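> Mind looking over this structure? Questions follow.
Laboratory data are not the source of any read-out in this text; all were calculated from the coordinates shown. As the structure is a computational prediction, the values presented were derived from the model and not from experiment. Cβ atoms come from the backbone with ideal geometry, glycine included; neighbour counts cover every protein chain shown.
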Amino acid sequence: MTKIFTIAIREYRAMVATKAFLLSITVMPLLMFGSIIAMNLLQKVGGGETRRIVVADGTQFLFPALEAAVAARNDQLHHLHNDTSERGGLGPDINRFQLELATTPALTDEDRLRYSSEIRAGTLYGLLEIPAGVDATPEIDLESLREGNLPPQVSAKFYSVDSSLSEARQFLQVVINKSVKTKRLAEAGIDPLAVELASLPVEVSGMGLVEREAGGKITAAQKKDELSTLMMPMGAMMLMFLVIFLAAQPALESVLEEKSGRIAEVLLGCATPVQLMAGKLLGCVAGSLTIFGIYLLGGYFIAQRVGWIGMIPYHLLPWFIVFQILGVTLYSSVFMAIGASVNQLKEAQSMLLPVWVVKMLPFFIWLNVIRGPNDLVPTLLSFFPPATPTMMVLRLATGAAIPWWQPYLGVLVALAATLACIFLAARIFRVGLLWQGKTPRLVELFRWAARG
Amino acid sequence: MSFAVELQQVSKRFGKQLAVDRLDLRVPTGSIYGFIGPNGSGKTTTLRMILRILQADQGLIRVLGRESGQATDDRVGYLPEDRGLYKRMRVIDLLTYFAHLKGLRDCTAAVQFWLDKLYASDWSKKRIDMLSKGMSQKIQFITAVVANPQLVILDEPFSGLDPVNMNVIRDAILELRQQGTTVIFSTHDMAVAERMCDTIFMIFRGKKVLDGTLDEIQQRYPANRIRLAFDSVETPLPTLPGLVEVERVGRFFEATVEAPATPQAVLARLIEEHSVNHFELIRPSLHDIFVHIAQPEAPLATVAELSSPHPHPHDGR
């Protein structure tokens, strides 16, 4: 045991006491949550320019409404710079809009070409062409409408280099529709406020389940928001992936260094392959628990700052740690066996491809798991050992009522698979460490595992 | 006499290649035992079998009294031919790590002793990747001996070392023997083997072709090489029957005397016609014997005959 601990301590230090470790635990979450963070950052630091939009208003009625809406939006943007928490209905585009009336309400092809040239040159952002009559109530008898026939649509057109995804187009469309609807209702003698009142939606709130406390008191169900419903399971899944990856990858690199750096031969004179592997696995588990601890503290600190402290699923922590230890051990042993079989990291990467596919399985279906954590596929996958740690944690993090025995069975299944994996990987490890020939094929690896 | 290592009829095959063929050897306890042989002859395979990193296909291997066991033996220290150390570790941490792995928990004094002995103390806080090749090699040597093993196996311990560092390692090995440690080392440097080894063992194409003290080995090869000089440097060496492989070395001539001629007969003929002022019989060096045995074109049958009682290193092949 002394040798195992000696090896474990070295492996732990080699993993944790490096700049690369600090860099990876910082960079990995950035990579995984990068798009969300980048979008927020861009919204804060980007934008700030004024986008000129020319409006050819054939209705002679909509332009003032559009101008008022744009002014209100620009005003909201101004406040956004002072208070970033109030985003209102703003999208990712935080540039100001500036509307100008076209020289003529009815454009000719020459006009459109001229404005297009300005757009191409970058002096103009977009051209909104609203044909006359777009605000008129379509003429169709109600009987025909009831039968599902819709009147012919007169559409406005927005020209810009990014018109299909343009937030300006979507913004202006909303304003036009709201103004036209109000005008049509008024023309029909209906009070728009009455329609708005009648159209107020009935919310169906998502609630947690009612529970009975130890004292017998029944607790009220908590309202569930989208953030906790989606982010918590996704965060747990990502975290499990990270802690496994950040521990298993150094294990592979360590074995590869020992093999390609010709250290393995000396090590085998000092410790048995089983001792070597056990020590390395212990070091990996300790390293991954350190990573988890760092993320947990970081997450706690952030949650406290933004007022999400009540969302921390304390009940999930013991399960997470148990499945993390199993997952790290299982994947690290596989990574080590592969590291011992190859001579270069490049060769290892190609051999790891199937392992990655299995590791990524929960990512392919995580939304389905959140919608139905007790459905057949998520349930079956959570007993498929390579996916068990991530899948079981993902299911538990949804807060759904998972049958009580399933996490325990998951632990047993994962434990059995981990032990088998260590046993077989140790055989590959022992043969592979001194193997200096060409990289073995998968068939040969299986043969090493079978024969020892 | 007790033996630290004994091999009896040991063979090892890799696929179709017979790497080691029915090898017998005995390494006396407390001696320095030199392994020589050309590249690919089976030296490293034999050393790895002694270490039990490789398992023999057949035969018996006894190391420090044990017939079976694992590679992990804290009584044995090993310096492999392919050197390697953790590049990002500090020297002191690395030596402590290997001493701990070898079961020496309280190793501070031993580590410092060896660092001082090999003039490496100033480097103890440096990272391995900061060291020169020679310094790395000395550090790796320390990893093999720091835990005070009873048997030390050194595969090419001098390769890549400059003469100064070579002397440092050589003195350390000689001191180990004085303390009763058995040392097995392989080398391509015949001069080193001649100077240091109590017993020399040569393996060629997986078979043992030499085994004994330098004296015993040399006595198996007749001294049929002569070195002579005349009073006058201008005097040419006359052509005599049986005198082959003539070389001029400074003011001397060196030549091989081929049977049925004898050195005595050659000397008698020379004295008749010239004024000879120097004549000596040269015993074959280990280098000569090695080169003689390890001819690349040596047929397999010849290899099998090499352990015959009186092979001839200068027989004109």
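> Is the C-alpha gyration tensor of the range B:145-205 telling us rounded, prolate or oblate? Criteria: a/c under 1.5 is rounded; beyond that, a/b larger than b/c is prolate, otherwise oblate.
Values: a/c = 1.66, a/b = 1.17, b/c = 1.42.
Cα axes put the range B:145-205 in the oblate bin.
> On to the next question. Kindly work out what percent of the DSSP beta bridges joining two residues of the protein assembly as shown are antiparallel, to the nearest 5.
Numbers: 41 of 69 bridges.
Approximately 60 percent, going by the DSSP bridge assignments.
> Mind checking A:269-280 for the average number of partner chain beta-carbons within 10 Å of each residue's beta-carbon?
Values: counts 21, 16, 5, 3, 3, 2, 3, 2, 0, 0, 1, 0.
Rounded to a whole number, the mean comes out at 5.
> Farthest toward the dipole's positive end in the protein assembly as shown, which of A:Leu281, A:Val243, B:Ile271, given Cβ charges of +1 (Lys, Arg) and -1 (Asp, Glu) about the Cα centre?
A:Leu281
> Of B:Asp231, A:Asp135, B:Asp106, how do they rank once you tally other Cβ atoms within 10 Å and put the fewest first? Numbers along the way, then the final one.
On the way: B:Asp231 11, A:Asp135 22, B:Asp106 8.
In increasing order of surrounding Cβ atoms, one gets B:Asp106, B:Asp231, A:Asp135.
> Report, as an integer, the average count of C-beta atoms from other chains found within 10 Å of each Cβ along B:77-85. Let's see the in-between values first.
Working: counts 3, 5, 3, 7, 2, 7, 5, 11, 4.
Counting other chains' Cβ atoms within 10 Å and averaging over B:77-85 gives 5.
> What distance in nm lies between label points placed 7 Å from Cα along the C-beta direction at B:Leu18 and B:Gln58?
0.9 nm
> Mind checking which aspartates and glutamates have their C-alpha under 20 Å from A:Lys223, skipping anything on the same chain fewer than 8 residues away?
List returned: A:Glu203, A:Glu211, A:Glu213.
> Based on the Cα coordinates of the range A:266-365, what is the per residue volume of their convex hull in Å³?
Spelled out: Cα convex hull of the range A:266-365, divided by residues, is 144 Å³.
> Now a separate question. Per Stokes-Einstein, at 20 °C and 1.002 mPa s, what whole-number D in µm² s⁻¹ belongs to the range A:142-187, with the Kirkwood radius over Cα pairs as the hydrodynamic radius? Intermediate values should be presented prior to the final figure.
Working: Rh = 12.9 Å.
Approximately 166 µm²/s, per Stokes-Einstein.
> Please compute the average number of Cβ atoms from other chains found within 10 Å of each residue's Cβ in peptide B:95-101.
Counting other chains' Cβ atoms within 10 Å and averaging over B:95-101 gives 5.
> Going 7 Å from the Cα of A:Asn343 in the Cα-to-Cβ direction, what parts of the range A:243-281 have a backbone nitrogen less than 19 Å from that spot?
Correct set: A:253-266.
> On average, how much area does the Cα convex hull of the range B:179-230 cover when viewed from any direction, in nm²?
Numbers: hull surface 23.3 nm².
Mean projected area of the Cα convex hull: 5.8 nm².
> If the limit is 32 Å between Cα atoms, which of B:Lys43/B:Lys126; A:Lys3/B:Lys133; A:Lys280/A:Lys346; A:Lys259/B:Lys16; A:Lys280/B:Lys16 go over it?
On the way: B:Lys43/B:Lys126 34 Å; A:Lys3/B:Lys133 29 Å; A:Lys280/A:Lys346 22 Å; A:Lys259/B:Lys16 25 Å; A:Lys280/B:Lys16 35 Å.
In this structure, B:Lys43/B:Lys126; A:Lys280/B:Lys16 lie more than 32 Å apart at Cα.
> In terms of modelled amide H atoms, which long-range or inter-chain residues lie less than 5 Å from the amide H of B:Ile282?
Amide H to amide H, under 5 Å and 5 or more residues apart or across chains, B:Ile282 pairs with B:Arg225, B:Ile226, B:Arg227.
> Work out from phi, with θ = phi - 60° and the Karplus expression 6.51 cos²θ - 1.76 cosθ + 1.60, the ³J(HN,Hα) of each residue of the range B:78-84, listed in order in whole Hz, and give x for Gly and Pro.
Each residue's phi maps through the Karplus curve to give 9, 10, x, 5, 7, 6, x Hz.
> Kindly provide log₁₀ I(q)/I(0) values, in the same order as q = 0.07, 0.08, 0.09 Å⁻¹, from the Debye equation applied to equal alpha-carbon scatterers of chain A.
-0.59, -0.71, -0.81
> Explain nothing, just the number: relative contact order of chain B, from Cα pairs under 8 Å at least 6 residues apart, as a whole percent. Spell out each step's value before the answer.
Details: 562 pairs, mean separation 60.1, N = 317.
Relative contact order, chain B: 19 percent.
> Could you tell me the center-to-center distance, by alpha carbons, between the range A:182-244 and the range B:254-280 in angstrom?
114 Å
> Quick one: work out the % antiparallel among DSSP beta bridges in chain B, nearest 5.
If I count the DSSP bridges inside chain B, around 65 percent turn out antiparallel.
> For the range A:207-321, report the convex hull volume of the alpha-carbon atoms normalised per residue, in Å³, without decimals. Present the calculation step by step, with values, prior to reporting the outcome.
Numbers: hull volume 16.0 nm³, N = 115.
Spread over its residues, the Cα hull of the range A:207-321 gives 139 Å³ apiece.
> Could I ask something else about it? Can you pull the three principal axis extents for the Cα set of the protein assembly as shown, in Å, largest first?
Extents along the principal axes, in whole Å: 148, 77, 52.
> How many Å³ per residue does the convex hull of the Cα positions in the range B:205-294 occupy?
Values: hull volume 9.8 nm³, N = 90.
Looking at the range B:205-294, the number lands at 109 Å³ per residue.
> Seen from all sides and averaged, what is the projected area of the convex hull of the Cα atoms in chain B, in nm²?
Details: hull surface 78.9 nm².
Taking a quarter of the hull surface, the average projection is 19.7 nm².
> Per residue of chain A, what 222 nm ellipticity follows from adding -39500 (n - 2.57) for every DSSP H run with n ≥ 4, rounded to the nearest 500?
Working: 17 runs with 283 residues, N = 452.
Only helices count here, giving -21000 deg cm²/dmol.
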